[in-house]
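Report on one structure; see the data block that follows.
The values are calculated or read from the model by the stated rules, or taken from the named source; none is laboratory data. These figures come from a predicted structure and were not determined experimentally. Cβ placement follows ideal geometry from the backbone for every residue including glycine, while neighbour counts extend to all protein chains displayed. Just the protein is used for accessible areas: all its heavy atoms, side chains included, with ligands, DNA and RNA removed. Shrake-Rupley method; radii C 1.70, N 1.55, O 1.52, S 1.80 Å.
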Amino acid sequence: MRIARFSIDGNVAFGAVEGSSAPGDESTLVLDIIKGIPFADFELSGTKVPLSKVRLLPPVLPNKVVAVGRNYAEHAAELGHAVVDDQGRAEPPLVFFKPSTSVVGPGDPIAYPSFSEELHHEAELAVVIGRMCREVPRERVKDVILGYTCANDVTARDVQRREQQWARAKGFDSSCPLGPWIETDLDPSDLTIQCTVNGEQRQLGRTGDMIRSIEDLVVHISEAMTLLPGDVILTGTPAGVGPLNVGDEVAVTIEGIGTLTNKVIKRG
Ligand code: MG
């Protein structure tokens, strides 16, 4: 099931997305409004609205976005980072936060921050947590995941280089587009993940090339902190990251999920 969050007539609701469409053409899709919330048992109301008549919102409002760096070897290499130590052992996952205020939805603008001159896109598979959990054993990881969506871990690369902590470089407002919806029925282990800028392909990878699997990441993160329903884990980006400029349209497409599109604007 694809679960979208949207606003209609000033109200916010969740709905199940029904119908199929060509990429980029959502004109035939409809939303069956959900009674309740997707983090508990819910029913479909049977009340349907065309997707074209609503505004899609970020599919969740996470309490926290936990992100993982250097999870694809080719991307780590393009930034000049080793992913194994000098003994050939894998480095532990690099974990950081993006604040809830960085989250925007499909179609929302990415506002170019005033303190950067080098904004980069990072297409990523996002895991949406479905239930409160801590110290999740590997065999229970699938039970705590609601589904998957597309993310763009937008990064002020120049700021990331000059500041030890990445809170500003990766946590500024609108640096975490999520969407267009959550796909709950999906095997995420080997999906195509792509990023285009103004229609031109920049990144193309497969989630099967992650160094740490989704199971690894949930075990590692939940060892340290409680994950709440709606929390999001960003799983790292494949090679091909590159610049975004004001006026660019950036699109993240993941096989089996859909496309998340955002335009870069000058921060007002
Ligand atoms: Mg990233």
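Quick check on region 55-98: of everything there that is within 14 Å of the ligand (Cβ to nearest atom) and of a type in the set (Lys, Arg), which residue is modelled with the lowest pLDDT?
Arg70
Please note which strands (runs of 3 or more DSSP E) are completely contained in region 187-268 and include at least 3 residues that are without any contact (Cβ under 8 Å) to a residue 40 or more places away in the chain.
Details: elements: 192-197, 200-206, 232-234, 242-244, 249-254, 258-266.
Correct list: 200-206.
Out of (1) within 15 Å of the chain's Cα centre (by Cα); (2) farther than 26 Å from Leu119 by Cα; (3) surrounded by 18 or more Cβ atoms within 10 Å (Cβ to Cβ); (4) not aromatic (Phe, Trp, Tyr), what's the single condition that is false for Gly256?
(3)
Taking the condition within 15 Å of the ligand (Cβ to nearest atom) and at pLDDT 95 or above, does Val154 pass?
The answer is yes for Val154.
What is the number of the single condition among (1) within 16 Å of Ala151 (Cα to Cα); (2) assigned to a loop (DSSP other than H, G, I, E, B); (3) open to solvent by less than 70 Å² (accessible area, probe 1.4 Å) that Val68 does not meet?
(2)
Considering each of Ser174, Ser213, Ser189, Ser222 in turn, give the residue that is within 20 Å of Gly107 (Cβ to Cβ) and of a type in the set (Ser, Thr, Tyr). Before the answer, list the steps.
Values: Ser213 fails: within 20 Å of Gly107 (Cβ to Cβ); Ser189 fails: within 20 Å of Gly107 (Cβ to Cβ); Ser222 fails: within 20 Å of Gly107 (Cβ to Cβ).
Result of the check over Ser174, Ser213, Ser189, Ser222: Ser174.
Mind checking whether some residue in region 143-165 is free of Cβ contacts under 8 Å to residues at least 40 places away in the same chain, within 17 Å of Pro188 (Cα to Cα) and in the same structural domain as Ile221 (by TED's automatic domain parsing)?
The answer is yes, given that some residue of region 143-165 is free of Cβ contacts under 8 Å to residues at least 40 places away in the same chain, within 17 Å of Pro188 (Cα to Cα) and in the same structural domain as Ile221 (by TED's automatic domain parsing).
Taking Ser27 as meeting all but one of (1) modelled with pLDDT of 95 or more; (2) in a loop (DSSP other than H, G, I, E, B), write down the number of the exception.
Of everything listed in (1) modelled with pLDDT of 95 or more; (2) in a loop (DSSP other than H, G, I, E, B), Ser27 misses just condition (1).
In region 259-268, which residues are under 16 Å from Gln194 (Cβ atoms) and open to solvent by 20 Å² or more (accessible area, probe 1.4 Å)?
The first filter runs over region 259-268 and keeps only residues under 16 Å from Gln194 (Cβ atoms), leaving 259-262.
Thr259, Thr261, listed by residue number.
Residue by residue through region 29-53, note down the ones that are under 21 Å from Leu186 (Cβ atoms) and not aliphatic (A, V, I, L, M). Explain how you work it out, then say what you get.
Quick first cut of region 29-53, residues under 21 Å from Leu186 (Cβ atoms) only: 29-32, 34, 37-42, 44, 51.
If the condition is that a residue be under 21 Å from Leu186 (Cβ atoms) and not aliphatic (A, V, I, L, M), then Asp32, Pro38, Phe39, Asp41, Phe42 are the ones that fit.
Here's the yes/no breakdown for (1) at negative phi; (2) at pLDDT 95 or above; (3) within 16 Å of the ligand (Cβ to nearest atom):
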residue: Gln201; (1), (2), (3): yes, yes, no
residue: Ile214; (1), (2), (3): yes, yes, yes
residue: Val218; (1), (2), (3): yes, yes, no
residue: Ser222; (1), (2), (3): yes, yes, no
residue: Met225; (1), (2), (3): yes, yes, no
residue: Leu228; (1), (2), (3): yes, yes, no
residue: Pro243; (1), (2), (3): yes, yes, yes
residue: Gly256; (1), (2), (3): no, yes, no
residue: Asn262; (1), (2), (3): yes, yes, yes
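Matching residues to (1) open to solvent by 20 Å² or more (accessible area, probe 1.4 Å); (2) within 13 Å of the ligand (Cβ to nearest atom); (3) among the aromatic types (Phe, Trp, Tyr):
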residue: Asp158; (1), (2), (3): yes, no, no
residue: Glu163; (1), (2), (3): yes, no, no
residue: Ala169; (1), (2), (3): no, yes, no
residue: Ser175; (1), (2), (3): no, yes, no
residue: Gly179; (1), (2), (3): no, no, no
residue: Asp187; (1), (2), (3): yes, no, no
residue: Asp190; (1), (2), (3): yes, no, no
